[in-house]
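Here is the structure we will look at.
The numbers here are math on the coordinates, done by the rules we state, and not lab data. Every value quoted in this text rests on a predicted model; they were computed, and no experiment measured them. In this analysis, Cβ positions are derived from the backbone assuming ideal geometry, glycine residues included, and neighbour counts consider all displayed protein chains.
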C-alpha cells in the first residue's frame, strides 16, 4: 500500500534456518521530477547515511545480525505502520499494509524484523524481482531493527543531516529537462553548481572531485541500456560537472557517452536542439582528442579504451558517434544508427551496416520544421567521418580496410566499392569528401 502515492511498503515473511522471520521493505513508488531520483532523492540514501548498510544480495538479508536499536518499525492500534530512524527521522508513516500470515507473530515474538529500504519500490505482482533489480544496482540498504514504538533515548537527539548526493541531483535535473520543467541550459548551470558546492565542503568533509565524479560515472555505467533520453541528458550533465572540475579524462568519457546516447534519441524524435547540442559536443571532443591522440588518460573510468601510439580507438569511437548522429536524423526505420557499428563496435562493422540504411530523402524535425542540413549533406558528412575514423584507428588501418578508398588500380574491379577521394568537403564534419 502507498503513502500519498509516494511510498510503497511491502511486508514479507522468510523462513530461514528453521525459523520464520518478518521483514518490511519500503521505497518510493517511482522517481519523479519533484520527488527526487537516484539514491540521494530516495529513502535509500536517508537510511544509508544513518547507518543501514548497503545490501549486496537478497540472499544476504541480515536475519541473524545485531539489532540496531536506533531504528524501529512501529504498528499502532489501528494497524498503521511507520518507520523511524536515528535523530528523530521519520522515514515512512501511514503505511496500511496487507500483512502475510505469521508476520505479526514473528515480529512481535523476536521484537525485531529486517528493514529493507530501496531506492524505488513500485507496487507490482513480483516485489522480490523489483528488489532484486534494485539490489543489483546497489540501491538497497537493509538491517535488523526493533519492532515496537520509537525510543527517543535510543534514537538519540534530533539531528540535522546534510546529504550531498550528486547522482540524485543530476537525475532530478534530467527529469526536469525531459518533462520540460527546466531548459537544458539552466540544468547545465545547476549541474556545475555541484562542483562549486563540493569545493565549499571539501576542507571540512574531505569530498574530493575524484570521488564526486566516480559516483556519477558509476551510475551512468550501471544504467546502460536504459531509457535513451534519460541516458543522453544524464551524460550531458556529467560532462558539465567534469568540465567544471577540470577532469579532462572524465569529460572525454562523458562527452563520448553523450554523443553515443543522442543517436537513438534523434532516431525516435528528430529534435533540432538535441542534434545541435550533441553535434557541438562531438566537435569539441574530436578536436581535443586530435590534440591528444592517446585517448583517455590513465585512471579514467574507461582506461581500457586508451589508444596506442599509432592510432586512437577513442578518436575513432568519437568520429563514429558523430556519424551515427547524422544517420539517426534519417529516421527510426533505419534504427537511427542504434546498431550502426554492430556488436563489434568497429569501423569495419559500421561500413558493412551502412549500406542497409534506406530512408526518405528528407525528414522534418519535430514540430514540422525542415532540417538545415539536408540528407545529402548529412550523408556526405557521415561518410567523411567514417573515413577519418578508419585513418585514426590502427585496428582498421590495413590496406584492405573497409572504409579506406580503394586502390586506383583496383577501382575498375566492379562492385559498389569503386570511388575516389578528392576535393574539399563542406561543413564541420571533415576536410575531404568521398565521391562515389
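What does the C-alpha gyration tensor say about the overall shape of segment 2-155? Classify as rounded when a/c is under 1.5, otherwise prolate if a/b is larger than b/c, or oblate. Note, shape of segment 2-155 comes out rounded.
Only bridges with both residues in segment 2-155 count here: give the DSSP antiparallel percent, nearest 5.
Of all bridge pairs located within segment 2-155, approximately 75 percent are antiparallel.
Please state the relative contact order of segment 165-281 as a whole percent: Cα pairs under 8 Å, 6+ residues apart? Over segment 165-281, the number comes to 25 percent. In this rough spin-label picture, where each label sits 7 Å from Cα along the Cβ direction, the residue 276-residue 136 distance is 4.0 nm. Here 110, 261, 118 are placed in order of increasing Cβ neighbour count within 10 Å, fewest first, which gives 110, 261, 118.
Put a dot 7 Å past the Cα of residue 76, heading toward its Cβ, do the same for residue 57, and the two dots end up 4.1 nm apart.
By the count of neighbouring beta-carbon atoms within 10 Å, fewest first, 234, 48 end up ordered 48, 234. Ranked by how many other Cβ atoms sit within 10 Å of their own Cβ, fewest first, the residues 127, 197, 139 fall in the order 197, 127, 139.
Once both labels are positioned 7 Å from their Cα atoms along Cα-to-Cβ, the gap between residue 268 and residue 69 label points is 5.2 nm.
Our note on the geometry: Cα centres of segment 232-260 and segment 56-75, 38 Å apart.
Entry note, segment 2-155: relative contact order of 35 percent, from Cα contacts under 8 Å with a spacing of 6+ residues.
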